[in-house]
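Structure first, commentary second.
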Amino acid sequence: MAEKSKQKVGPVKYLEQVQQEGRKVVWPSARETMTTSIMVIIVMIFLGVFFWVVDFFAGNTVVCVAEIGQAADVAKKCILGLSSGS
């Protein structure tokens, strides 16, 4: 069994240690925060559009494959991307 190397501390001592550690943190500047936030928003928009396009084509592909064997006019609609499922 692993040995405990640290002793328990009381709540007051614990809060003092938390405060000391909080002072050691290097907080980002307002400019860094804004830049990072903008980058996150751009990536979210890009991924949203990307997955929307992938979903659109995957959905139409599934509908077209499911409609194979039906009338020839349905096959033409599938090829043109005008399937009834979209």
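Coordinate-derived values only; no laboratory data. Note that this is a predicted model, so its numbers are computed, not measured. Reconstructed Cβ throughout: ideal geometry from the backbone, glycine too, with neighbour counts over all protein chains shown.
The stretch between TRP52 and LYS24 holds 5.8 nm of extra length on full extension. This uses 0.36 nm per residue minus the Cα-Cα distance. Couplings for region 27-37, taken from phi via the Karplus curve 6.51 cos²θ - 1.76 cosθ + 1.60 with θ = phi - 60°, read 7, x, 6, 4, 5, 4, 5, 5, 4, 5, 4 Hz in order; Gly and Pro are left as x.
The HN-Hα couplings worked out from phi for region 8-22 by the Karplus form 6.51 cos²θ - 1.76 cosθ + 1.60 (θ = phi - 60°) are 5, 10, x, x, 5, 5, 4, 5, 5, 5, 4, 5, 4, 5, x Hz, whole numbers, x standing for Gly and Pro.
For the peptides 33-41, 17-25, residues were scored by their other Cβ atoms within 10 Å and the scores averaged per peptide; the highest-first order is 33-41, 17-25.
Under 19 Å Cα to Cα from LYS8, which aspartates and glutamates show up? Leave out anything in the same chain fewer than 8 places away. Leaving aside aspartates and glutamates fewer than 8 places away in the same chain, those within reach of LYS8 are GLU16, GLU21.
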